[in-house]
Ligand SMILES: Cc1cc2nc3c(=O)[nH]c(=O)nc-3n(C[C@H](O)[C@H](O)[C@H](O)COP(=O)(O)OP(=O)(O)OC[C@H]3O[C@@H](n4cnc5c(N)ncnc54)[C@H](O)[C@@H]3O)c2cc1C
């Protein structure tokens, strides 16, 4: 059995998630090789090979300078052919989830996404937005697996490695990278707030944000935040969104009201110093990251808490 | 212009999830189902293109009889016709089996654009849309937050981490897997719902589509061994009692943290 690690370059460096794939490949066991894709990435590949990447294929081509689904698809398939790997590990990042299923379909391979562990020979992943876990087994053939960034500690040692140039035909690429737009400057900078009171889909109604959530934030002298569905529904602008596609916050106190605790929300707030969760579902995953929890109706608890805080302040 | 929208019917986001008897999925009886949230944005995006000009919108879905409801809703929102793959042979399919089934319909229909949701709210796999594109020989983009059509091209904005965006040009035909929030989804009007009753739903089987060998647990390359409640860690300390007692506990903690 052998594994191919598909690394990812972000801002000119191999990202941490790629070193997590090294640790994951080691956890699965067996041989592994790696792949670095980009333009002028020979030095990065050599460094990665010596930091746990092992034998590292380098798909180095001007057409691969920026992420392009067709070029990356071709590069990964070429590396699978060259390495003979039967397990292909890709980080579950925006480029990973864009290309990995295409590779699986092209190879007529099994596909298991967003796994966070390998246990009893199975890949473990979350389903139902974090409410249940699933163990999935790979069949006998080739399997493409995407791994959740941050799920496993990155490999941090060094080891013998080597690089090998991989020629990739990207002439068939149709998707064309145009540009990357960075996130716009925010009117609300939650990253500086010491206290954040966030509301989720459980708040249920756009009017309830100014009526219920904002008053608690105000009473505490903090800021209001939200989960993604609140922003998607147009109840609050994007600058309030906490999570992987919003802001990453680390306040002294984070109060999550009517938020279930999906991984994409958790990555944005789990670094908070103290987390309070108010949710009517005792099984909500948010209670796993919170230090203090209330299983109950936020519409009862939050206004009463606001009143108590206001009274305590005198 | 022909636009295909593939949608999945999933357990309602607020449904109670109990693991089934053999521990491999949830109990489906007695719970409410709805159109996967990401797919509603995909349908809306297709309907907006239709509203802005000439387009036929065809919705397709795989699943048992209950899926008719989801397709009727989509037709009520403005889709023109539906294809429903209703076949027990598909039970136990993996993502690739589902993708092969959708791609078989896609090849029959030869659409200019295919819209799907980035992921499903049940399996959370984000697997099927790029697979369908690969199998149909289309270009694709996932996490699409904006799509601008011009002659033979669609310029998309894909969501990256932290709110950054990647702008990509795709020649059509192309498949776009949309991210939630790229539009505000309409409701089916009463008039739409009435009109939908006359719109055709074409029912097909795996054999009709030539994918019988690729689907079901027999065709699956990966298998769910078990589904279970995530193991509980230390978890939160829970405050219990009357609202007053709970609030007192919260206020005391906030004081203890030196934040009051
Ligand atoms: C690529 C990608 C990026 C994403 N980025 C983000 C992101 O940046 N931020 C983010 O938040 N999400 C993000 N998501 C979405 C994420 O997967 C979840 O869908 C989302 O976080 C769920 O939000 P929620 O907890 O508010 O809603 P739900 O999961 O629907 O939870 C609502 C909760 O409210 C509770 N509730 C309901 N009524 C009450 C009441 N009266 N009192 C108390 N509790 C109540 C329910 O028990 C439930 O737990 C992303 C998803 C993807 C695929």
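The values are calculated or read from the model by the stated rules, or taken from the named source; none is laboratory data. Note that this is a predicted model, so its numbers are computed, not measured. In this analysis, Cβ positions are derived from the backbone assuming ideal geometry, glycine residues included, and neighbour counts consider all displayed protein chains.
Structure values in brief
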quantity: Top-ranked residue of the stretch A:100-121 - restricted to ones that are assigned to a helix (DSSP H, G or I) and facing another protein chain (nearest Cβ under 7 Å), ranked as nearest to residue A:3 (Cα to Cα); calculated: A:104
quantity: Residue selected from the stretch B:79-102 under the condition farther than 15 Å from residue A:108 by Cβ and within 14 Å of another protein chain (Cβ to nearest Cβ), by the criterion modelled with the highest pLDDT; calculated: B:102
quantity: Enumeration of residues in the stretch A:279-292 that are under 19 Å from residue B:256 (Cα atoms) and either surrounded by 23 or more Cβ atoms within 10 Å (Cβ to Cβ) or more than 9 Å from every other protein chain (Cβ to nearest Cβ) (or both); calculated: A:290
quantity: Top-ranked residue in the stretch A:261-307 [being assigned to a loop (DSSP other than H, G, I, E, B), touching a helix residue (DSSP H, G or I) at 6+ places or on another chain (Cβ under 6 Å) and within 7 Å of the ligand (Cβ to nearest atom); ranked as farthest from residue B:245 (Cα to Cα)]; calculated: A:262
quantity: Pairs, first touching a residue at least 40 places away in the same chain (Cβ under 8 Å) in the stretch A:74-85, second assigned to a helix (DSSP H, G or I), C-beta under 6 Å, six or more apart; calculated: A:76/A:103
quantity: Residues located in the stretch A:187-205, provided they are surrounded by fewer than 16 Cβ atoms within 10 Å (Cβ to Cβ) and either free of Cβ contacts under 8 Å to residues at least 40 places away in the same chain or assigned to a loop (DSSP other than H, G, I, E, B) (or both); calculated: A:187, A:189, A:192, A:194, A:204, A:205
quantity: Among (1) within 30 Å of residue B:229 (Cβ to Cβ); (2) touching a residue at least 40 places away in the same chain (Cβ under 8 Å); (3) surrounded by fewer than 21 Cβ atoms within 10 Å (Cβ to Cβ) - the single one residue B:12 does not satisfy; calculated: (2)
quantity: Only one of A:136, A:145, A:124 that is within 28 Å of residue B:131 (Cα to Cα), within 7 Å of chain B (Cβ to nearest Cβ) and assigned to a strand (DSSP E or B); calculated: A:136
quantity: Among the candidates A:217, A:153, A:173, A:185, residue that is under 25 Å from residue A:34 (Cβ atoms) and within 14 Å of chain B (Cβ to nearest Cβ); calculated: A:173
quantity: Given (1) surrounded by fewer than 20 Cβ atoms within 10 Å (Cβ to Cβ); (2) more than 10 Å from every other protein chain (Cβ to nearest Cβ); (3) within 12 Å of the ligand (Cβ to nearest atom), index of the condition residue A:249 fails; calculated: (1)
quantity: Residue in the stretch A:77-97 that is modelled with pLDDT under 95, more than 8 Å from chain B (Cβ to nearest Cβ) and farther than 24 Å from residue A:50 by Cβ present; calculated: no
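Results for (1) part of a loop (DSSP other than H, G, I, E, B); (2) closer than 16 Å to residue A:153 by Cα, shown as yes or no for each residue.
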site: A:23; (1), (2): no, yes
site: A:36; (1), (2): no, no
site: A:48; (1), (2): no, no
site: A:67; (1), (2): yes, no
site: A:70; (1), (2): no, no
